[in-house]
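Trainee: Below you'll find the structure I mean.
The values are calculated or read from the model by the stated rules, or taken from the named source; none is laboratory data. The structure displayed is predicted, hence computed values, not measured ones. Quick reminder, even Gly has a Cβ in these numbers, built from the backbone with ideal geometry, and neighbours come from all protein chains shown. With ligands, DNA and RNA removed, areas are computed over all heavy atoms of the protein, side chains included. Shrake-Rupley method; radii C 1.70, N 1.55, O 1.52, S 1.80 Å.
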Amino acid sequence: MKKQPVQKREKKEYHGFAALIRDPQVIIAAILVLAALIAIFAPVGDREGITNLQFGLDLEGGSWIQLEFQADVVTVQTPVDINAVAQSMSKTLDCTVIPIDLGKVEVDKKFTEAELKSAAAAAGAVFIGCEPGVGSDTADSVKRILESKVNSLGTSDVKVNVLTNLNGVAQYVRVELAGVDMQEAQEIVGKQGLFEIRVQSVGDSTEHVLYGDSVISVQTPMMDPETGVWGVGFTLDDAGALALQQVCIETGATKNPAAHPINMYLDSEMVYSAPLSYELALSISKHPVNQLSASTGVGEEGKQKAQELEVHLRAGALPVEVEIAGSGSTSAALGDYFKIICVIAGIAALAAVAITVYLRYRVAAIVLPMVLTNVAEIVINLVFISKNF
């Protein structure tokens, strides 16, 4: 008796629409489109409108303001340390001058070229040239302050962009606020918060020390190379230093710092709290101290807290003066009109593609798949301008 050969099962072949929906590429595309639609239409937070799309100024309506830094970056050639040059120029010009490179310093006020050249010469350096703007550290600080300011006011869809030259000097910063008119935009950018320092007295009670107008300068966050601790240095005027000494002595903060921490508030919300160090408490008990430093911890977390504290200490005030160099706005009604125009343009573009393909190949069967492919690409790309991305 012979063994019957096993009959191979013929693979069923699909044609037309059945074959199309089983194609792996079509299945992947369908999954991506579905995920994109969920990202675009899924309710997120307190959104306005039926989608999560962020349209920007042209389609949403809003305002933009371009600010110009009233500062200069001076290039010098010097046989001495650039830090010494910066200190000397700071005393000569009576302003803040910080080194930003081996042969460059940033002057935080506007001066004539002759004044800058004279200050450089007095510092023992040779003046090479100057250009308006600030260094990268100051530009980053300005960006953080503006972002913190507008975000604290609940303004959504805000873009703060620093415009930097090829040589790394930033001359302008541009602030875009969707859904905000020009008057409100200028108020937001120019508004300062109420900064206050208080000392813990008894229980939950605190004693007022000073407001933000007593803070005359704030340094950029720095890390102690020996301890690795991040901190922000700041300077009080004489009245503020005297007020701090008096309140610390009255509350007992100089004798028992741990029980009487120094609290900092921005618009009545506590943003920092820490006791005086032993050395600082001893110094304040003897005389007013103008130069202070607030430690925020180590590592990336300490750095981030230091950057946030810098913003709070400035209470929204920028490290350099700025002037409005340009502004513009788009009304909400005009933005809605632009949205309609965009939709019409998109439909017209798809129709033009379909007609062109049909006229070229004269096969109607390939027109619909090509149009659907274009629609899928558009939907997937829209995810990149949604709040969920």
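Trainee: Any idea which residue in region 163-195 is modelled with the lowest pLDDT, counting only those that are crowded, with 19+ Cβ neighbours inside 10 Å and within 21 Å of residue 308 (Cβ to Cβ)?
Mentor: It comes out as 188.
Trainee: Test residue 235 against the criterion of being at pLDDT 90 or above and closer than 19 Å to residue 312 by Cα, and give yes or no. Outline the logic, then answer.
Mentor: On the way: at pLDDT 90 or above: yes; closer than 19 Å to residue 312 by Cα: yes.
Spelling it out, residue 235 is indeed at pLDDT 90 or above and closer than 19 Å to residue 312 by Cα.
Trainee: Of all residues in region 124-148, count the ones that are touching a helix residue (DSSP H, G or I) at 6+ places or on another chain (Cβ under 8 Å), open to solvent by 20 Å² or more (accessible area, probe 1.4 Å) and more than 13 Å from residue 75 (Cβ to Cβ).
Mentor: 3
Trainee: Would you mind telling me which numbered condition in (1) β-branched (Val, Ile, Thr); (2) open to solvent by 60 Å² or more (accessible area, probe 1.4 Å); (3) assigned to a helix (DSSP H, G or I); (4) modelled with pLDDT of 85 or more residue 380 fails?
Mentor: All conditions pass for residue 380, except number (2).
Trainee: Scan region 307-324 and tell me whether some residue there is over 22 Å from residue 214 (Cα atoms), surrounded by 13 or more Cβ atoms within 10 Å (Cβ to Cβ) and among the aliphatic types (A, V, I, L, M).
Mentor: Within region 307-324, the first condition is being over 22 Å from residue 214 (Cα atoms), and the residues that meet it are 323-324.
Now narrow it down to the ones that are surrounded by 13 or more Cβ atoms within 10 Å (Cβ to Cβ): none.
Checked region 307-324: no residue is over 22 Å from residue 214 (Cα atoms), surrounded by 13 or more Cβ atoms within 10 Å (Cβ to Cβ) and among the aliphatic types (A, V, I, L, M).
Trainee: Quick check on residue 357: is it crowded, with 16+ Cβ neighbours inside 10 Å and over 28 Å from residue 66 (Cα atoms)?
Mentor: Details: crowded, with 16+ Cβ neighbours inside 10 Å: yes; over 28 Å from residue 66 (Cα atoms): yes.
Yes, satisfied.
Trainee: Identify the single condition in (1) part of a loop (DSSP other than H, G, I, E, B); (2) at pLDDT 80 or above that residue 155 does not satisfy, given that it satisfies every other one.
Mentor: That leaves (2) as the condition not met.
Trainee: Sticking with this one: Among the strands (runs of 3 or more DSSP E) contained in region 196-259, which hold 2 or more residues that are crowded, with 20+ Cβ neighbours inside 10 Å and more than 26 Å from the chain's Cα centre (by Cα)? Walk me through it before giving the result.
Mentor: On the way: elements: 206-211, 215-218, 229-236.
In region 196-259, the matching strands (runs of 3 or more DSSP E) lie at 206-211.
Trainee: What's the total number of residues in region 47-79 that are at pLDDT 75 or above, farther than 22 Å from residue 135 by Cβ and either open to solvent by 50 Å² or more (accessible area, probe 1.4 Å) or in contact with a His (Cβ under 9 Å, 6 or more places away or on another chain) (or both)?
Mentor: Adding up the residues that qualify gives 2.
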